[in-house]
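Only one structure is covered here, and it is reproduced in the block below.
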Amino acid sequence: MRFDIPNTSGSDLEKYFNSNDKRLIHKWSHYFDIYERHFSRFRNKPIVILEIGVFQGGSLQMWKDYFGSQVEIHGVDINPNCKSLEEENIHIHIGSQTDRAFLQKLKAQIPMIDILIDDGGHTMKQQRITFEEMYTHVKEEGVYVCEDLHTSYWLEYGGGLRRRKTFIEFSKRLIDQLNAYHSRQAGFKPDSFTRTTDSMHFYDSVLVIEKRQRPKPMDLKSGVESYSHNYHSNKGSVLKHKILTLINKILRFFRLPGFIWK
């Protein structure tokens with residue numbers, strides 16, 4: 001069945017989608033701008049793509065057209081019928097994205113990934129396990145995309161506003177880790193995510209994480225001071241921080257709100 005939709009965008013991906021007469025593709029309309037923003041730098045290069053969730057195979061064909069003849073595309077789906085959708089440059093792997101053993105085997109079978117798109121079952125467990133197992137298999141300078149995050153607000157997918165185990169809440173904690181180089185608390189330290197993640201981009205229903213090796217940031221200055229900063233000393237600032245930390249420990253013990261010293 002062909003779905004004719006007016007072409008309202010100049011992006012090559014949306015043009016392909018709107019004129020598609022091949023296998024079925026199912027996407028939200030605002031996703032194409034996101035793809036263009038984060039994927040365009042990979043076009044016509046020898047890259048590896050993994051998409052979790054094959055569906056009818058249409059998006060795999062779209063990636064093949066968009067990225068060019070050098071792309072190597074891998075799709076994962078739990079439905080064994082999807083194996084028949086293989087074609088040149090498109091390889092299909094059958095297994096569950098909640099099966100850690102399957103994902104570990106997959107990593108041994110395929111090269112490191114430039115772009116990973118999680119468009120699978122969209123449950124909280126599926127999204128979390130896929131990230132935990134596959135993020136380290138995305139290359140430095142690669143991109144990790146998790147789609148359809150609106151299921152974090154749908155009870156039937158394990159979601160719900162601010163429920164502790166939703167992928168949205170999980171990804172909020174990743175924001176803390178992105179900033180962990182600046183922590184002054186003993187229990188909060190940089191980890192592998194901190195050291196290998198350049199940025200996180202939140203959109204309606206989509207999280208895009210761009211990777212890059214990232215050492216501890218340096219606080220730099222240049223130029224000549226125009227006036228002296230005498231309003232506090234460094235020693236005073238350190239003492240202030242220690243006092244504030246002690247006060248907040250006491251407040252937490254009594255389960256009272258924290259204190260901010262301005």
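A short reminder: the numbers here are calculations on the coordinates, not readings from a lab. These figures come from a predicted structure and were not determined experimentally. We place every Cβ from the backbone using ideal geometry, glycine too, and count neighbours over all the protein chains shown.
Hey, fewest Cβ within 10 Å first, where do Arg37, Arg214, Arg164 land in order?
Arg164, Arg37, Arg214
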Relative to the first principal axis of the alpha-carbon coordinates of the chain, what is the inclination of helix 234-253, with its axis defined by its Cα atoms, in degrees from 0 to 90 and to the nearest 10?
70 degrees
Looking at this model, which pairs from Lys27/Lys64; Lys105/Lys139; Lys27/Lys125; Lys64/Lys107; Lys15/Lys125; Lys221/Lys249 are more than 28 angstrom apart at the alpha-carbon?
Lys15/Lys125; Lys221/Lys249
Charge dipole of segment 12-211 about the Cα centre (unit charges at C-beta), most positive-ward option of Ile34, Met124, Gln97:
Met124
Please give the calculated 222 nm ellipticity per residue for the chain, where each DSSP H segment of at least 4 residues contributes -39500 (n - 2.57) and the sum is spread over every residue; nearest 500 deg cm²/dmol?
-9500 deg cm²/dmol
Going by alpha carbons, how many degrees (0 to 90, nearest 10) lie between the helix axis of 167-178 and the longest principal axis of the chain?
50 degrees
For the pair Glu141/Asp198, report the inter-label distance in nm, with labels modelled 7 Å from Cα in the Cβ direction.
0.9 nm
Per-residue Cβ neighbour rank within 10 angstrom, fewest leading, Tyr153, Tyr135, Tyr35
Tyr153, Tyr135, Tyr35
